[in-house]
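Below you'll find the structure, written out as C-alpha cells, and then a few comments.
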Amino acid sequence: MKVGTIKMFCLPHAGGSASNYLPWSKLLPVEVVPIEYPGRGFRAKEPLCVDIDGIVQSVYESMTEKLEDTDDYMIYGHSMGSLIAYEVAHKLHEGNHRAPLHLILSGGKAPQRRIKQKDSHKLPLRLFEEVVLEYGGKQTDQIFKNEELKNYFIPILRADIKIVEDYLYQPRKMPLQCDLSILVGEEDESTTWNEVKEWSQITNGGCEFYYFNGGHFFIQEQVSDVIKTIHHILDQHHVSM
C-alpha cells in the first residue's frame with residue numbers, strides 16, 4: 001500500500017497536546033494526524049471540555065473534517081486518549097462512517113473496568129499535584145517546578161482527570177468491528193492485567209497485547225520500541241516505508 005494512504009489519528013493523554021505526536025510524522029509510513037483537544041495548543045482560547053460527551057464530540061468533529069469517505073484510517077490513543085478513541089470509534093459508527101482499520105491503545109484500562117472511585121480532580125492543589133506526579137512522565141516534574149507552566153496546565157489537568165473520573169461506561173449492542181492492539185507498560189501502577197485484558201471483550205476483531213519496559217508513560221521512555229511495534233501492526237495492513 002502506498003505511503004500516506006492511511007491516516008493515523010493520535011489522541012493525547014490527560015494534560016497532553018497534539019504536539020506530543022509531531023515527531024511520529026517522520027517515523028511512520030502513514031499520515032500522522034495529531035488531534036488537539038480544546039483548551040490547549042493552537043486551541044488554547046477555546047473552553048476546556050469537562051465531560052466525556054464534550055471531548056468525544058470535539059474529537060469526532062476534528063476527525064471527520066479530515067476524513068474523506070474513501071479514507072482508510074487508524075486511531076491511536078494513550079491513557080485518557082485510549083478511552084476517547086474507544087468512544088469516538090462508536091460515534092463514527094453511529095454516524096455511518098467506515099470503521100477504522102485498527103485501534104492502537106496504550107496505558108489505559110478497558111472502558112468497562114473504569115469504575116468511579118474518587119474525585120481527585122477536586123483536591124487542593126498540593127494533594128492534586130501528588131496525584132498527578134504518581135503517573136510520572138518526562139514533563140510532569142518540569143510543569144510543577146515552573147510557576148507559569150503550572151498555572152497553565154493545572155486547569156487542563158483538572159478538567160481532563162474529571163473527564164476520566166466521571167466516565168460512566170455504557171454497553172453497546174454492537175461491539176467494535178476492528179482489530180485492537182493494546183500496549184502496556186509492565187511497571188504501570190495505574191492499571192492491572194485484569195483491567196487491561198478486557199479490551200478484548202469490546203470488539204468482534206482480534207486483540208493483541210504488547211508489553212514494554214516502563215511505567216504509565218512508557219511511550220515516552222521507549223519511543224524506539226513503540227514505533228517498532230506500530231510498524232509491526234502496520235505491516236499487517238501491508239503498509240511499510
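Quick note: the coordinates plus some simple rules give every number you see, no bench work behind them. Just so we're clear, the structure is a prediction, and the values are computed from it rather than from any experiment. Note: ideal-geometry Cβ built from the backbone for every residue, glycine included; neighbour counts use all protein chains shown.
Around the amide H of Asp179, modelled in the peptide plane, lie the amide H atoms of Leu103, Gly206, all under 5 Å away and 5 or more residues distant in sequence or on another chain. Using C-alpha pairs below 8 Å separated by at least 6 residues, the relative contact order for the chain is 21 percent. In the set (i) 209; (ii) 167; (iii) 119, the label that goes with volume of the Cα convex hull per residue in Å³ computed for this structure is (iii). Taking Cβ atoms as reference points and 13 Å as the exclusive limit, the residues near Glu198 contribute a net charge of +3, counting Lys and Arg as +1 and Asp and Glu as -1. The angle separating the long axis of helix 125-134 from the principal Cα axis of greatest extent in the chain is about 40 degrees. Here's how it looks for Val239: its modeled amide H is under 5 Å from none belonging to a residue 5 or more places away or on a different chain.
Assuming charge only on the beta carbon of Lys and Arg (+1) and of Asp and Glu (-1), the dipole of the range 78-232 about its Cα centre is about 580 debye to the nearest 20.
Only four residue types carry charge here, +1 at the Cβ of Lys and Arg and -1 at the Cβ of Asp and Glu. Report the dipole size of the range 1-156 about the Cα centre in Debye, rounded to the nearest 20.
Values: 19 positive and 20 negative charges, 86 e Å.
With Lys and Arg at +1 and Asp and Glu at -1, about 420 debye.
Between Gln177 and Lys26, the FRET efficiency from the beta-carbon distance, with R0 = 45 Å, is close to 0.90. Axis angle, to the nearest 10 degrees, between helix 52-66 and the longest C-alpha principal axis of the chain: 40 degrees.
Distance check, please: which entries in Lys116/Lys173; Lys7/Lys122; Lys66/Lys116; Lys26/Lys109 exceed 27 angstrom between their Cα atoms? Where the Cα-Cα span goes over 27 Å, the pairs concerned are Lys7/Lys122; Lys66/Lys116; Lys26/Lys109.
For Ser200 and Asp53, what is the calculated FRET efficiency with R₀ set at 30 Å and r taken between the beta-carbons, to the nearest 0.05?
Details: r = 26 Å, r/R0 = 0.86.
After rounding, the FRET efficiency stands at 0.70.
For Leu125 and Asn146, the difference between the fully extended length at 0.36 nm per residue and the C-alpha to C-alpha distance is 6.1 nm. Rounded to the nearest whole Hz, the Karplus-based 3J(HN,Hα) values (6.51 cos²θ - 1.76 cosθ + 1.60, θ = phi - 60°) of the range 16-27 follow the sequence x, 9, 4, 4, 4, 9, 4, x, 5, 4, 8, 10, with x at glycine and proline.
Residues whose amide H comes within less than 5 Å of that of Gly136, counting only those at least five positions distant or on another chain, are absent (H built at 1.01 Å from N in the peptide plane). So the label point goes 7 Å from the Cα of Asp72 along Cα→C-beta, right? Which residues of the range 211-241 then have their backbone N under 12 Å from it? What the label zone holds, given the 12 Å backbone N cut-off, is 234-240. What residue among Ser200, Leu83, Ser120 has its Cα farthest toward the positive end of the dipole of the chain, where the charges are +1 on Lys, Arg and -1 on Asp, Glu, each on the Cβ? The one lying farthest along the dipole's positive direction is Ser120.
With R₀ set to 25 Å, the beta-carbon distance separating Thr64 from His231 gives a calculated FRET efficiency near 0.40. Phi-derived couplings, Karplus 6.51 cos²θ - 1.76 cosθ + 1.60 at θ = phi - 60°, listed residue by residue for the range 75-83: 10, 10, x, 10, 6, 3, x, 5, 5 Hz, with x used for Gly and Pro. With Cα atoms defining each centre, the range 129-165 and the range 99-124 are spaced 17 Å apart in the structure. Excluding the site residues themselves, the longest part of the chain lacking any trypsin sites (Lys or Arg not before Pro) in a DSSP loop with at most 15 other Cβ atoms within 10 Å is 174-241. Scanning the chain for GluC sites (Glu not before Pro) in DSSP loops with at most 16 neighbouring Cβ atoms within 10 Å leaves 69-185 as the longest stretch between them. Couplings 3J(HN,Hα) of the range 94-104, computed from phi: 5, x, 6, 8, 5, 5, x, 5, 6, 10, 10 Hz, in residue order, whole Hz [Karplus 6.51 cos²θ - 1.76 cosθ + 1.60, θ = phi - 60°; x for Gly and Pro].
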